[in-house]
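Chemist: This is the structure, below, for whatever I ask next.
Coordinate-derived values only; no laboratory data. Fair warning: this is a prediction, and the values are worked out from it, not measured in the lab. Because the Cβ atoms are built from the backbone with ideal geometry, glycine has one as well, and the counts that use them run over all protein chains shown.
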Amino acid sequence: MDRTDDRPSPTVLVVMGVSGTGKSTVAGLLAERLGWPMEEGDDLHPPANVEKMERGVPLTDEDRWPWLDRVRAWIDGQLDRGEDGIITCSALRHAYRDRLRRPEVVFVHLDGTHEVIAARLATRSGHFMPPSLLQSQLDTLEPPGADERVITVHLGGSPDDEVSQVLAALPPSIG
C-alpha cells in the first residue's frame, strides 16, 4: 500500500460482534470502499474449534486463546508492514479485545437486538456456527466500554447503511 499520506501509522479495523451480526458482509464492504485488505477471522479458527461449534457446543476461553493469538498475529503483521487492514473477530469479552488491542486498532462493534440477529442467522447458510449458539454468544458478550477505541453500529439498516455509519465515524485521517 502506498503510504504517501501524513498519517504516522496504519489502522486496523476489527469488525466485532456475535455470530450473525454481519461482520463478514460489513468488513467486505469496508474493504472495498477503503481499498484495504481483509481477513476473515473465522478462517483462523483451529479445526477443533470449528468442529465443536458445528456440534452446537460453545467455545471456552481455553478454546479461544489460540484463535485470538492467530488474529493478533494477522493484526501485528499488517502493522509491522505499515499497512491498513480489516479483520473480523467476535471479540466478545473485554479480555479478548485486550489481547488484540493496539493503539492502531479500532473496534467496529456491530450491535443489535436478539430478534434482529436471530432473523439474520435464520437466512444464513453454509456457516459452521449454528443459530442455537446465539444465546451463548449474547451471554458472553461484554459490550465495549468507554476505555476502548470503538465505533458502535446499531443494526437494523442495510449493510450499506451500516458501512456508512462506520465511515462517518472514522477520523478524517483514516481512509
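Chemist: Which angle from 0 to 90°, rounded to the nearest 10, does the C-alpha axis of helix 114-123 make with the longest principal axis of the chain?
Modeler: For 114-123 against the chain, the angle is about 80 degrees.
Chemist: Based only on other Cβ atoms within 10 Å, what is the fewest-to-most ordering of THR88, THR21? Walk me through the intermediate numbers first.
Modeler: Details: THR88 28, THR21 25.
Neighbour counts put them in this order, fewest first: THR21, THR88.
Chemist: Fully extended, how many nm does the chain gain between ALA118 and ASP69 (0.36 nm per residue separation, minus their Cα-Cα distance)? Kindly include the intermediate steps, with their values, before the conclusion.
Modeler: Working: separation 49, 0.36 × 49 = 17.64 nm, distance 2.86 nm.
Here the segment from ALA118 to ASP69 would lengthen by 14.8 nm.
Chemist: Report, please, the projected area of the chain averaged over directions, based on the convex hull of its C-alpha atoms, in nm². Present the calculation step by step, with values, prior to reporting the outcome.
Modeler: On the way: hull surface 38.4 nm².
Over every viewing direction, the Cα hull of the chain projects on average to 9.6 nm².
Chemist: Expressed as an acute angle from 0 to 90° and rounded to the nearest 10, what is the orientation of the C-alpha long axis of helix 159-169 relative to the principal long axis of the chain?
Modeler: The two axes meet at around 40 degrees.
Chemist: For the chain, what does -39500 (n - 2.57) per DSSP helix run (n ≥ 4), summed and divided by total residues, give at 222 nm, in deg cm²/dmol to the nearest 500? Kindly include the intermediate steps, with their values, before the conclusion.
Modeler: On the way: 7 runs with 75 residues, N = 175.
Taken over the chain, the calculation gives -13000 deg cm²/dmol.
Chemist: Which ordering of LYS23, LYS52 is given by a fewest-first count of other beta-carbon atoms within 10 Å? All intermediate terms of the calculation are to be shown ahead of the outcome.
Modeler: Numbers: LYS23 25, LYS52 17.
In order of increasing Cβ crowding within 10 Å: LYS52, LYS23.
Chemist: Now for a different question. Tell me, Kirkwood radius of segment 3-79 from alpha-carbon pair distances, in Å?
Modeler: This gives a value of 14.2 Å.
Chemist: Sticking with this one: Of the candidates MET16, MET53, MET38, which one comes out as most mobile in a Gaussian network treatment of the chain with C-alpha springs shorter than 10 Å?
Modeler: Taking springs between Cα atoms under 10 Å, the residue moving most is MET53.
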